[in-house]
Structure formats: structure tokens, C-alpha cells
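These notes are about the structure you will find just below.
The values are calculated or read from the model by the stated rules, or taken from the named source; none is laboratory data. Given the structure is predicted, the values throughout are model-derived calculations rather than measurements. So basically every Cβ, Gly included, is an ideal-geometry build from the backbone, and we count neighbours across all protein chains shown.
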Amino acid sequence: MRILAIGGAGFIGRQVIGRLVAQGHVVHVPTRQFQHGRELLVHPTVTVMQADIHDDATLERLVAGCDIVLNFVGILHSREGQPYGADFERAHVHLPRRIAQACRTHQVKRFIHISALGADQQGPSGYLRSKAAGEQAIRESYAAPGSGDFTIVRPSVVFGSEDKFMNMFAKLARFLFVLPIAGAHAKMQPVFVGDVATAVMTALTLPAAANKTYALAGPRVYTLGELVKLAALWSGRPRVVVDLPLSLGRLQARIFECLPGEPLLSRDNLASLSVDNVTNEPVDAELNLVVTPLESVAPIYLKGGA
């Protein structure tokens, strides 16, 4: 099959593309900056191209002739605004809608969209509200009669050797003997990136996945404070974790937002932590997936990166 992987140069996308290539699929990966996708060029059936996916004509050209379209695009930070801010709106709402509409126009067999566990149009953060609005935009695009269908995958926090979650806390433990964390009591259910990739691969051709949404979470619920403590411990630097009061957490986030580069924590991130990122339901049996415990993977890559 010919597959378009939008955002395929990212953490989850790279995992899925490796599996697609192993099955003999031809994969096209558009990226804003070519160097971001250069490591994918080792795969013989992958084409990386510099392209602006936010340009309608470019997106139409990319989608035309594809059997499957995958959307891995997601951002964690946005300029402020209601109901979610301009950057979240562009990446999480407008883009999924435009991809869905292009898929319908070009009769793409299936559009698979990576959303987020906890997506909720009434959620406490712009991130969660925009993710939910993007899902709704896809459903609306597929409401009219036509060919093709969609699948939405909602992973919890994703961990793996190249993650920016457990690795970030392990790196902080290099420099701090005490780790002050806002929202330390927030609950989450981390899922292994390999399991997310497996779910996507299954959903490619699974008839039951048509127009369905799947929640993906790991086998165990942790607090954020527990995860930070484990990341430090498994990297060989056990640390004390201090739960910051919300007022200090907001101040910390505001300071991070003013620093150059992508902030470690934003006020919107902190708002997301005000609700638990967990699910009471097991992974849908249709995916035939046995989820991987954090303890069986994270200690290996965190120790290796120490």
C-alpha cells in the first residue's frame, strides 16, 4: 500500500514507519524541515519530502493516490487564546479537519488519527479541548455519505527509549538533588510506544476499526510524582520529589514559558494535570494487544542514557 505519514518523523511515527516498511509498504513522510526526517531515509521504501502540510494545495497533492493516511501531528504548547489558542487550533483542529476532507475527496481507504487520552471539549486545558475538537472535526467530515473511513487512537502519556517524558525527568535528576514538581498527585497510565505502533498497524486493515475510537493505556496507574521518582531511580540518581503547591506551580510554569526554547512546563500543561489521565476500560480486545509494563522497559533505556 501507499501510505502518507503526516508527522511521521516524530516519536510515535518513526516506530510505525519501521513496521510499515518491514511489511513492504511505500511510505511518504512530509516534514517542514528535511533534516528532521533524514534518519528515515535508511528505509528503502520511505520518501521524505519538505512540504507545508498547512497549505491546502500541498496537502491535496500529498493525499492524492494514497491508500492510507496517518496523522501523528501533536504539539504540547500554544499561544494563549480561547477556547484553545491559535497554535493548538491550527495543529489539532484545522489540520485534522483538512486531512479528513482531503481523504474523503481522494477516496482514501482509511484515515488514522492519533489523539490523546482525556481529550474533552470541556477539559481544563487548551490541549485537551483542542484534541477533542479535532476528533469532532474528523467525525463531522465523515458524516456525509462517501467512501473510506477513519480510526482515532487515544494514547495516554507515551514512554519509550526516545521519549521526552521519563527521559526528561532522568535528565533533571542529573542537576537537581531535589525535584520540585507541580501536580505530583496527578494520575496517569503510561503506554509503551511499541504498543501504540502495534495498535496503529492493526487498525490499518481491521474492518471493526472503521469509524471507531480506541483508548490506549498501560497496565498500571501512577502519580506523576511516582513516575518522576522512578525515572530518577532507574537512571541511577535517586532523588526526593517535592509536590509544589498549585500557586508555586503556576509561577514555575510562567518562568519556564519565558525561557528560550520549548518550556519544560507551561500553565496549560499544568491545567491538563488537574484531571487524571487514566481509563477504567481495558484495551479493546479487537486490537489483540497485551500492553507492556513500564517496569519492563524504562529501567533499561534510562540506565543506558545515564
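Of note:
- Every residue from the stretch 252-285 that is farther than 15 Å from Ala217 by Cβ and touching a Lys or Arg at 6+ places or on another chain (Cβ under 8 Å): Ala253, Arg254, Glu257, Arg267, Leu270
- Scope the stretch 89-111; condition charged (D, E, K, R) and farther than 13 Å from Val63 by Cα; matching residues: Glu89, Arg90, Arg97
- Of all residues in the stretch 262-277, those that are hydrophobic (A, V, I, L, M, F, W, C), over 20 Å from Leu179 (Cβ atoms) and surrounded by 18 or more Cβ atoms within 10 Å (Cβ to Cβ) total 1.
- Considering residues of the stretch 259-294 that are free of Cβ contacts under 8 Å to residues at least 40 places away in the same chain and outside any loop (DSSP other than H, G, I, E, B) only, the residue nearest to Ala215 (Cα to Cα): Ala285
- Failed condition for Gly218, given (1) surrounded by fewer than 22 Cβ atoms within 10 Å (Cβ to Cβ); (2) at pLDDT 95 or above: (1)
- Single match in Asp276, Asp268, Asp243 (criterion: more than 24 Å from Ile68 (Cα to Cα), acidic (Asp, Glu) and over 21 Å from the mean Cα position of the chain (by Cα)): Asp243
- Matching residues in the stretch 246-258 - criterion: being touching a residue at least 60 places away in the same chain (Cβ under 8 Å) and of a type in the set (Gly, Ala, Ser): Gly249, Ala253
- Residue match in the stretch 218-232 (condition: in contact with a Ser or Thr (Cβ under 6 Å, 6 or more places away or on another chain) and assigned by TED's automatic domain parsing to the domain that holds Ser296): no
Okay, residues lined up against (1) in the same structural domain as Gly148 (by TED's automatic domain parsing); (2) within 18 Å of Ile152 (Cα to Cα); (3) not charged (D, E, K, R):
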| residue | (1), (2), (3) |
| --- | --- |
| Gly8 | yes, yes, yes |
| Val27 | yes, no, yes |
| Leu62 | yes, no, yes |
| Arg79 | yes, no, no |
